[in-house]
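Engineer: I am attaching a structure below and will ask some questions about it afterwards.
The values are calculated or read from the model by the stated rules, or taken from the named source; none is laboratory data. Note that the coordinates shown come from a computational prediction; the quantities given were computed from them, not determined experimentally. Counting neighbours? That spans all protein chains shown, and the Cβs are built from the backbone with ideal geometry, glycine included.
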Amino acid sequence: MSLHTEEFFTTALPHRLDGSTVGDAFYAQAPDRGIRLRIDFYETRQHTYGGLRLSVIHPEKGRLDTAILSFADHGTYRARDLRTGTLPGTSGYATIRNFPHDETHRPWKGGDFATLADAVHRYARTWGIPLARPAARTAPRTTAPAATPSPAGGTTARAR
């Protein structure tokens, strides 16, 4: 599993869904409807992926719907592509490459998945697929001290 799909769905993609990873696909189920949501990486060329494919599957009727959520449409790799000078319409723009023989490489690392995750979440909600419960915090949240005006007209941190 060189795409590290399980790690992607448990650590990289915000807004977790209740489900599990099997091979290179993630599955979630609508509790009362019996339908399943399958999410996998959408391959545009060999070992190159341009987004996520979401499929709703009924156990008796088969595939009910499929949607492709592209990395380009959701700005997932905009910062990376600006930094590297990769332009729309060129090879590598808004895509990830999978190198099957490199188990240390996480091809999806460095993406901003917030907008893409929101789209996945909306699609799942449409079909009645629940979100996972938020994980319990392992460390207490810390806050920075509030800034107060200094006599010189700037701001300084207020001591507690």
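Conditions tested, residue by residue: (1) in contact with a Gly (Cβ under 8 Å, 6 or more places away or on another chain); (2) in contact (Cβ under 8 Å) with a residue 60 or more places away in the chain; (3) more than 21 Å from Leu131 (Cα to Cα).
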residue: Ala28; (1), (2), (3): yes, yes, no
residue: Arg38; (1), (2), (3): no, no, no
residue: Glu60; (1), (2), (3): no, no, yes
residue: Pro88; (1), (2), (3): no, no, yes
residue: Asn98; (1), (2), (3): no, yes, yes
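Engineer: Which numbered condition trips up Asp81, out of (1) of a type in the set (Asp, Glu); (2) part of a helix (DSSP H, G or I); (3) modelled with pLDDT under 90?
Structural biologist: Going through (1) of a type in the set (Asp, Glu); (2) part of a helix (DSSP H, G or I); (3) modelled with pLDDT under 90 one by one, Asp81 breaks only (3).
Engineer: I need the full set of residues from the range 37-48 which are buried (at least 18 other Cβ atoms within 10 Å of the Cβ) and out of contact with any Lys or Arg (no Cβ under 8 Å at 6 or more places or on another chain), in order please.
Structural biologist: If the condition is that a residue be buried (at least 18 other Cβ atoms within 10 Å of the Cβ) and out of contact with any Lys or Arg (no Cβ under 8 Å at 6 or more places or on another chain), then Leu37 is the only one that fits.
Engineer: For the subset of the range 32-57 comprising residues that are at pLDDT 95 or above and out of contact with any Phe, Trp or Tyr (no Cβ under 8 Å at 6 or more places or on another chain), which member is farthest from Phe8 (Cα to Cα)?
Structural biologist: The qualifying residue farthest from Phe8 (Cα to Cα) is Ile57.
Engineer: For His15, all conditions in the list (1) in contact with a Leu (Cβ under 7 Å, 6 or more places away or on another chain); (2) farther than 19 Å from Asp112 by Cα; (3) in a loop (DSSP other than H, G, I, E, B) hold save one; what is the number of the exception?
Structural biologist: So His15 meets the others, but not (2).
Engineer: Right, something else. Would you mind telling me which numbered condition in (1) of a type in the set (Gly, Ala, Ser); (2) in contact with a Pro (Cβ under 9 Å, 6 or more places away or on another chain); (3) loosely packed, with under 14 Cβ neighbours inside 10 Å; (4) assigned to a strand (DSSP E or B) Ser20 fails?
Structural biologist: (2)
Engineer: Looking only at residues that are assigned to a strand (DSSP E or B) and among the polar types (S, T, N, Q) in the range 56-78, which one is surrounded by the fewest Cβ atoms within 10 Å (Cβ to Cβ)?
Structural biologist: Step one: filter the range 56-78 for residues assigned to a strand (DSSP E or B), giving 56-58, 62-70.
Filter again for among the polar types (S, T, N, Q), leaving 66, 70.
Details: Thr66: 12, Ser70: 17.
Going through the qualifying residues, I end up with Thr66.
Engineer: Gly34 fails exactly one of the following numbered conditions: (1) more than 13 Å from the chain's Cα centre (by Cα); (2) assigned to a strand (DSSP E or B); (3) not charged (D, E, K, R). What is the number of that condition?
Structural biologist: That leaves (2) as the condition not met.
Engineer: Consider Thr11 carefully, then state whether it is exposed (fewer than 15 other Cβ atoms within 10 Å of the Cβ) and either free of Cβ contacts under 8 Å to residues at least 12 places away in the same chain or among the polar types (S, T, N, Q) (or both).
Structural biologist: yes
Engineer: Which residue out of Phe41, Phe8 is within 14 Å of Ala117 (Cα to Cα) and in contact with a strand residue (DSSP E or B) (Cβ under 6 Å, 6 or more places away or on another chain)?
Structural biologist: Just a single option satisfies the conditions, and that option is Phe41.
Condition check ((1) at pLDDT below 90; (2) of a type in the set (D, E, K, R); (3) in a loop (DSSP other than H, G, I, E, B)) across all residues:
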position	(1), (2), (3)
His101	yes, no, yes
Leu116	no, no, no
Pro134	yes, no, yes
Arg137	yes, yes, yes
